[in-house]
Amino acid sequence: MFDFNKFLADLEKQLVELAKNTFQENWQAAVKDGLDFLENSQVKLEKYLLLLNNGDIDQDDFQSLIAGLSDLARMEMLEQAGLKAAQIDKFRIQLLAVIIDVAFKFIV
């Protein structure tokens, strides 16, 4: 049985590591933005994970759905910190990749 809370806990841990590795000075802002994104996308994320877990969608469909959540990742704190758009976009893409990796670890 898929445990969404364990998934979120692992994902949050990975988010902190990603933020620290990506932004040495502004990693706290990246964590805040990442957590805000997870909160804003939680309902959809849980739905997509259940669909994947139940075999209603395959891995490719799941990856496409997660990529579609990108608009919910606003990264306002990183923007306020004055980071370049390219840096923020790179972090956003890496965060989506982490979500996919953690999901596959828990489900597949």
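Which of the numbered conditions does Ile66 fail, given that it passes all the others? Conditions: (1) without any contact (Cβ under 8 Å) to a residue 24 or more places away in the chain; (2) surrounded by 15 or more Cβ atoms within 10 Å (Cβ to Cβ).
(1)
Of the residues Leu51, Leu18, Leu45, which is surrounded by fewer than 19 Cβ atoms within 10 Å (Cβ to Cβ) and either in contact with a Phe, Trp or Tyr (Cβ under 6 Å, 6 or more places away or on another chain) or aliphatic (A, V, I, L, M) (or both)?
Numbers: Leu18 fails: surrounded by fewer than 19 Cβ atoms within 10 Å (Cβ to Cβ); Leu45 fails: surrounded by fewer than 19 Cβ atoms within 10 Å (Cβ to Cβ).
Selected residue: Leu51, the only one of Leu51, Leu18, Leu45 that is surrounded by fewer than 19 Cβ atoms within 10 Å (Cβ to Cβ) and either in contact with a Phe, Trp or Tyr (Cβ under 6 Å, 6 or more places away or on another chain) or aliphatic (A, V, I, L, M) (or both).
Regarding the range 70-87, can at least one residue be identified that is surrounded by 16 or more Cβ atoms within 10 Å (Cβ to Cβ), small (Gly, Ala, Ser) and out of contact with any His (no Cβ under 8 Å at 6 or more places or on another chain)?
yes
Find all pairs meeting these conditions: Cβ atoms under 6 angstrom apart; at least six residues apart or on different chains; first residue within the range 85-98 and farther than 15 Å from Ala29 by Cβ and free of Cβ contacts under 8 Å to residues at least 40 places away in the same chain; second residue of a type outside the set (Ser, Thr, Tyr) and in a helix (DSSP H, G or I).
Filtered contacts from the range 85-98: Leu96/Ile66.
We did not get these values from a lab; they are worked out from the coordinates using the rules stated. No experiment lies behind these values; they were computed from the predicted model shown. Backbone-built Cβ (ideal geometry, glycine too); neighbour counts: all protein chains shown.
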